[in-house]
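Single-structure report; data block below.
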Amino acid sequence: MGAFLYGVSLQWKLDIRSKTLLITCYIVPLLFFVIMGGIFTSVMPETKYTLIQSMTVFSVTMGALIGLPPSLVEIYSSDIKRVYKANGVPLYLGAALANISAYIHLFLMSFILYIAAPLAFHAELPENPAMYFTSLAVFIAVSLSIASIIGLAVKDPAKTPMFSIIVFLPSTMLSGIMFPMELLPKAFETTGKLFPASWGYKLMTESVFQFENLMPLLLVFILAITVCTILLRRIDQ
């Protein structure tokens, strides 16, 4: 219990001083929402029906893929790793707490968008709020699991942003939030389906549950957790 509380205390201190978390989970998503929300609803008024989902997919993808990896690199590629071992804190706890912290921030940011979009741009609320928030919860978890692979696999802090952006850009551009995936070339449409963002967007825009859209997310999550477990065991050696 003491090790757990120490890990929580250390993660809290890391979150407080993390500028990356503040920028990627709040500042940039809100700026994107204000600018692109106005453009989308002005140029294509019909986007008000999916504006909340589009802005949320961008915010969650950015906050996870660009915000979480630096935190994990800071834990496992610095003296913090030795501090964990010296105080008897299991190394996996660092990744778990960083994910929980990021999860809370991303869910809070998503809720802010859920409230602000109708007020700012007269966006339509999802027909089935329970379905929407359940889909959101799944999408955040899957996005963070992918981000965790980057944070655990890349040991050089200078290279982490590069790998994060390599995954982030196709995730958002080919997810369907900018324009319908049907308008993309077949190769790009297929590539977009390899990323959680496209399935998360589909899941959150539905009012009726469809398991075929949830299945890819579950498969990606299971695969990502397996890879993260292997990476953590290597780090612990």
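Side notes on the structure shown:
- The value obtained for the chain, namely the Cα convex hull volume divided by the number of residues, is 127 Å³ per residue.
- Between 0 and 90 degrees, the angle of helix 196-205 with respect to the longest Cα principal axis of the chain falls at about 50 degrees.
- Taken one residue at a time, the phi angles of the range 66-74 give Karplus couplings (6.51, -1.76, 1.60, θ = phi - 60°) of 9, x, 6, x, x, 5, 5, 5, 5 Hz. Gly and Pro are set to x.
- On Cα atoms only, tilt of 129-153 relative to the major axis of the chain in degrees: 40
- Helix content alone sets the calculated 222 nm mean residue ellipticity of the chain: runs of n ≥ 4 DSSP H residues at -39500 (n - 2.57) each, divided across all residues, give -24500 deg cm²/dmol.
- Computed over the chain, relative contact order equals 26 percent, with contacts defined as Cα pairs under 8 Å that lie 6+ residues apart.
- 24, 229, 61 arranged by Cβ crowding within 10 Å, fewest neighbours leading: 229, 24, 61
- Taking label positions 7 Å along the Cα-Cβ direction at both residue 219 and residue 187, the computed distance is 2.3 nm, reported to one decimal.
- The C-alpha atoms of the chain define a longest principal axis, and helix 2-17 lies at about 50 degrees to it.
- When 91, 152, 108 are sorted by how many other C-beta atoms sit within 10 angstrom of their C-beta, beginning with the fewest, the order is 108, 91, 152.
- The convex hull of the Cα atoms of the range 133-237, projected and averaged over all directions, covers 7.5 nm².
Readers should treat all values here as calculations from the given coordinates under stated rules, not as data from a laboratory. None of the values given here were measured: they were computed from a predicted structure. Cβ: placed from backbone, ideal geometry, glycine included. Neighbour counts: every protein chain shown.
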